[in-house]
Every structure is written in C-alpha cells, then in structure tokens.
Amino acid sequence: MARKLVLVSVVLLNFAVLFAATAAKPEVKTEGAAVKNEQAAAHSVNYFALTVVIAAGALGIAAAGCGLGQGMAVSKAVESISRQPEATGQIQTALIIGLSFIESLVIYVLLIALILLFVNPFMKFFIQ
C-alpha cells in the first residue's frame, strides 16, 4: 500500500512540475504582432504537448487497471472451477461477461484520448 502511495505521489508530482514548467513562462512586455504570434505559438505547442502527455498517461493507467482486474478475475474463475468443476459453464459465462465489461473501460479511455488528441473540444478555451 505504501509503495502504491509513493508511486502515485511521484507521478502526480511529475505532472505538476511539467504543468508548472509549461505554464510559468515569462511574459514579454513588448507590444507587437510578431511577439504576440510567437507567444501564441509557444502556448499552443505547450497545450498540445500537455494534451498528448495526459492522454497517454490516462490510457496507461486504464490499461494497467484493466490488466490487474482481468488477472484477478481469471485467477478467481480458475480457482472456483477447480473447487467446483461441474459449474464450469456458468463460471466461464460470468467470466467472459465480466472481462468484456473490464475491457470496455480501456476502450472508453481510448475513445476519450482520441477525442482529446484529434477533435480537442477545449482548444478554444486555451488558445486564442
């Protein structure tokens, strides 16, 4: 439990440092169209890079959770089949339905990641 807590806190700290490094850029006081265009380009690159990192991180976390859940489900199914072999058909049916529900989590996260990467509905709020 402590190892998981340390791992999660390190990952969150890395994301916070990455966000702080991209958000805390010094502003140039010079007024001009070229300077504003350069600043907008820099902010848009940071925004898209952060979007890619967040989408990849979310997909990795979902895949890890899915893998753990499927492993636990299969181990419990095999254990219950070994205890009661005559209920193999019912256990397999419940296992396959459960595995499909677990796998749907990763598919939903993949769909959201693809929307964030290619459609990006929040772009109008961050890039002007």
> If only one of 91, 112, 102, 107 is assigned to a helix (DSSP H, G or I), modelled with pLDDT of 90 or more and over 18 Å from the mean Cα position of the chain (by Cα), which one is it?
Replying inline: 91
> Restricting the stretch 54-83 to residues that are loosely packed, with under 15 Cβ neighbours inside 10 Å and either of a type in the set (Val, Ile, Thr) or not in a helix (DSSP H, G or I) (or both), which is modelled with the lowest pLDDT?
Replying inline: 61
>> Please pick out the residue among 118, 126 that is out of contact with any strand residue (DSSP E or B) (no Cβ under 7 Å at 6 or more places or on another chain), at pLDDT below 95, surrounded by 14 or more Cβ atoms within 10 Å (Cβ to Cβ) and among the aromatic types (Phe, Trp, Tyr).
In response: 126
>> One residue is enough: does the stretch 104-112 have a residue meeting the conditions touching a Phe, Trp or Tyr at 6+ places or on another chain (Cβ under 9 Å), surrounded by 12 or more Cβ atoms within 10 Å (Cβ to Cβ), in contact (Cβ under 8 Å) with a residue 24 or more places away in the chain and closer than 16 Å to residue 56 by Cβ?
In response: no
> Looking at residue 36, is it modelled with pLDDT under 95, part of a helix (DSSP H, G or I) and charged (D, E, K, R)?
Replying inline: yes
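The values are calculated or read from the model by the stated rules, or taken from the named source; none is laboratory data. Quick caveat, the model's predicted, so the values are computed rather than measured. Counting neighbours? That spans all protein chains shown, and the Cβs are built from the backbone with ideal geometry, glycine included.
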